[in-house]
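A short write-up of the structure that comes next.
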Amino acid sequence: MDYVDSKRKSNICGKILFAAGITTLCIIFLKQSPDFSTPSQFSRQQAGVTHVLVTGGAGYIGSHAALRLLKDSYRVTIVDNLSRGNLGAVKVLQELFPEPGRLQFIHADLGDAKAVNKIFAENAFDAVMHFAAVAYVGESTLDPLRYYHNITSNTLVVIKAMASHGVKTLIYSSTCATYGEPEKMPITEGTPQAPINPYGKAKKMSEDIILDFSKTSEMAVMILRYFNVIGSDPEGRLGEAPRPELREQGRISGACFDAALGVIPGLKIRGTDYNTADGTCVRDYIDVTDLVDAHVKALAHAKPSKVGIYNVGTGKGRSVKEFVEACKKATGVEIKVEYLSRRPGDYAEVYSDPSKIKLELNWTARYTDIQESLQIAWRWQKSHRNGYGSP
């Protein structure tokens, strides 16, 4: 009996030692893993490093902003649900900036308050650039609830998370659509806001939420109202790649390129009876490189308890017909043009007075030749016929 008991005890001890050995090996292996134990550089403040959360950073404008921030040595976290953004754009940024602590991507939906709160709890953000939004005027008239949820409700979630976790700088991506169709041109920041489509209304509601909250907090706020964005990264690393099903809702530049590539048979111009010189809509086209430069300057000038509101445009309006002619020259393709009735929610003439942003932030649009901007974007489109190749 003593021999049997001794053997049993020996077996038990052996199993314990074996289990302990396996456990030790697992711990050693996990500690060597980059995802284990040591606090992430993104989770702590670092002297001399500004950590910016870029919502919608997989999208057209957001990815270009992330690129500029990374080039300027900011630490960047991109949050995107990829409903409109492209994982391919994130991969390009990751390949350009592979160093630890430079860039991280988090797949999450800003409508999920629990997930957003977790992201803020686990990361030490210094500022937020809030780009994430659905952004097509025509689509907003067809599906208004989607726009109020995605833009207004989600912005409220972000602001609440910022308040809860002490993040006190916000650069907000707004739009000239909040002005509607003003009686006088050019549009200044003091022009009354009277949006005429759900996209503009949802953005204005978001602005109102931000402004009301800023009165009761020390938040530094910069609201940038964009005009019509064109162009792409001059070095050809990033471009615009909307979902195929959204091509008809997208920017005129994308439609021009699709027509030039033969993706669509021609270009459809909606509205030729507006009260403008040639009957087509007049818009202020701002190059995306200039636009992200305005964001970086806004971030540098943001001050606690202060609100800055700025138009970001060139100050010059061009008609749709002028734009199409510039696109034909940029692509070298004689694009077929079909003229149709007006698109719901559009307005005749919109261009900015950018004097305030020049005076206060020392920002001026530099890429004002629309044909040149289109040529740069066209080079990317020709070499990326399938966009980034994956959603």
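The values are calculated or read from the model by the stated rules, or taken from the named source; none is laboratory data. Every value quoted in this text rests on a predicted model; they were computed, and no experiment measured them. Here the Cβ is made from the backbone with ideal geometry for all residues, glycine too, and neighbour counts use every protein chain on show.
Values for this structure:
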item: Exclusive hit being surrounded by 13 or more Cβ atoms within 10 Å (Cβ to Cβ) and of a type in the set (Asp, Glu), set Glu334, Glu325; result: Glu325
item: Considering residues of segment 286-322 that are among the β-branched types (Val, Ile, Thr) and within 25 Å of Glu349 (Cα to Cα) only, the residue surrounded by the fewest Cβ atoms within 10 Å (Cβ to Cβ); result: Ile309
item: Strands (runs of 3 or more DSSP E) fully within segment 168-233 counting 3 or more residues that are farther than 27 Å from Gly254 by Cβ; result: 220-226
item: Cross-chain or 6+ apart pairs with Cβ under 7 Å, segment 355-368 first and under 18 Å from Lys316 (Cβ atoms), then of a type in the set (Asp, Glu) and assigned to a loop (DSSP other than H, G, I, E, B); result: Lys356/Glu189
item: Some residue of segment 207-219 being closer than 21 Å to Val282 by Cα and either at pLDDT 95 or above or surrounded by fewer than 21 Cβ atoms within 10 Å (Cβ to Cβ) (or both); result: no
item: Output for segment 156-192, where each listed residue is surrounded by fewer than 21 Cβ atoms within 10 Å (Cβ to Cβ), touching a Phe, Trp or Tyr at 6+ places or on another chain (Cβ under 8 Å) and among the polar types (S, T, N, Q); result: Ser164, Thr191
item: Residue count for segment 220-262, restricted to those that are of a type in the set (Asp, Glu) and buried (at least 23 other Cβ atoms within 10 Å of the Cβ); result: 1
item: Test: residue in segment 156-165 that is under 21 Å from the mean Cα position of the chain (by Cα) and not in a helix (DSSP H, G or I); result: no
item: All positions within segment 83-120 that are assigned to a helix (DSSP H, G or I), under 12 Å from Leu70 (Cβ atoms) and out of contact with any strand residue (DSSP E or B) (no Cβ under 8 Å at 6 or more places or on another chain); result: Val92, Glu95, Leu96
item: Residue count for segment 124-151, restricted to those that are assigned to a helix (DSSP H, G or I) and surrounded by fewer than 20 Cβ atoms within 10 Å (Cβ to Cβ); result: 8
item: Filtered residue count, segment 343-359, keeping only those that are more than 24 Å from the chain's Cα centre (by Cα) and either part of a helix (DSSP H, G or I) or loosely packed, with under 14 Cβ neighbours inside 10 Å (or both); result: 3
item: Residue satisfying condition, being at pLDDT below 95, under 27 Å from Asp293 (Cα atoms) and of a type outside the set (Phe, Trp, Tyr), within set Met185, Met129, Met162; result: Met185
item: Residue among Ala255, Ala300, Ala260, Ala277 that is under 19 Å from Met222 (Cβ atoms) and among the aliphatic types (A, V, I, L, M); result: Ala300
item: Any pair with Cβ under 6 angstrom, 6 or more apart, that starts in segment 369-391 at a residue that is closer than 11 Å to Ile230 by Cα and of a type in the set (Ser, Thr, Tyr) and ends at one that is assigned to a loop (DSSP other than H, G, I, E, B) and at pLDDT 95 or above; result: Ser373/Gly231; Ser373/Tyr367
item: Scope segment 94-131; condition over 16 Å from Ser153 (Cβ atoms) and among the small types (Gly, Ala, Ser); matching residues; result: Gly101, Ala121, Ala124, Ala127
item: Answer residue from segment 52-79, given it is assigned to a loop (DSSP other than H, G, I, E, B) and free of Cβ contacts under 8 Å to residues at least 40 places away in the same chain and is nearest to Phe227 (Cα to Cα) among those; result: Tyr74
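So that you can scan it fast, the table gives a plain yes or no per residue for (1) over 16 Å from Pro354 (Cα atoms); (2) touching a Ser or Thr at 6+ places or on another chain (Cβ under 7 Å); (3) without any contact (Cβ under 8 Å) to a residue 24 or more places away in the chain:
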| site | (1), (2), (3) |
| --- | --- |
| Gly180 | yes, no, no |
| Lys215 | yes, no, yes |
| Ile223 | no, yes, no |
| Tyr226 | no, yes, no |
| Gly231 | yes, yes, no |
| Glu235 | yes, no, yes |
| Pro242 | yes, no, no |
